[in-house]
Amino acid sequence: MAFNFNQATLVGRLTRDPELKQVGDGVSKAYFTLAISRGYKRPDDTIETDFIPVSLWGKNAETAYLLLKKGAPVLVTGRIQVRVYEKNDVVRSMAELVAEHFQILEKRNRLEPQLEITEVN
């Protein structure tokens, strides 16, 4: 019997606005990087931070592209996936979180105009 379970939950802040691409048959893919500070400081009083790449697909990608902004605190859940690719004749690998759900952890300013969701090209 095989035991496999791949589930991750991360909370961090976006390092920049999400990017959106159309892949294949018009399927949307959004990606961004989460900055997650560790719970301790180095001897020189700097805080160590991990930068985790995150991707979302389909409607979640389009929604994330419209709602998430640089610096926003967000909770994402999904699975860890390792991609292997070749660049300059060197085989490399990269781990990322393929998110299934996200939640913005900060209330928007009530005076801010409401965002109108339109079709993304």
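The values are calculated or read from the model by the stated rules, or taken from the named source; none is laboratory data. Please read these numbers as outputs of a predicted model, since none were measured by experiment. Here the Cβ positions follow ideal geometry from the backbone for every residue, glycine too, while neighbour counts run over all protein chains shown.
Residue check: is ALA30 aliphatic (A, V, I, L, M) and part of a strand (DSSP E or B)? The answer is yes for ALA30. The single residue among VAL74, VAL82 that is without any contact (Cβ under 8 Å) to a residue 60 or more places away in the chain, of a type in the set (A, V, I, L, M) and outside any helix (DSSP H, G or I) turns out to be VAL82. Note on region 34-52: residues that are part of a strand (DSSP E or B) and either free of Cβ contacts under 8 Å to residues at least 12 places away in the same chain or surrounded by 16 or more Cβ atoms within 10 Å (Cβ to Cβ) (or both) amount to 7.
Here's a check for you: in region 3-23, which residue that is touching a residue at least 60 places away in the same chain (Cβ under 8 Å) and among the hydrophobic types (A, V, I, L, M, F, W, C) is nearest to ALA72 (Cα to Cα)? If we take residues in region 3-23 being touching a residue at least 60 places away in the same chain (Cβ under 8 Å) and among the hydrophobic types (A, V, I, L, M, F, W, C), then LEU14 is nearest to ALA72 (Cα to Cα). I want to confirm something. Restricting to region 1-19 and keeping residues that are modelled with pLDDT of 95 or more and aliphatic (A, V, I, L, M), which single residue is nearest to the chain's Cα centre (by Cα)? If we take residues in region 1-19 being modelled with pLDDT of 95 or more and aliphatic (A, V, I, L, M), then LEU14 is nearest to the chain's Cα centre (by Cα).
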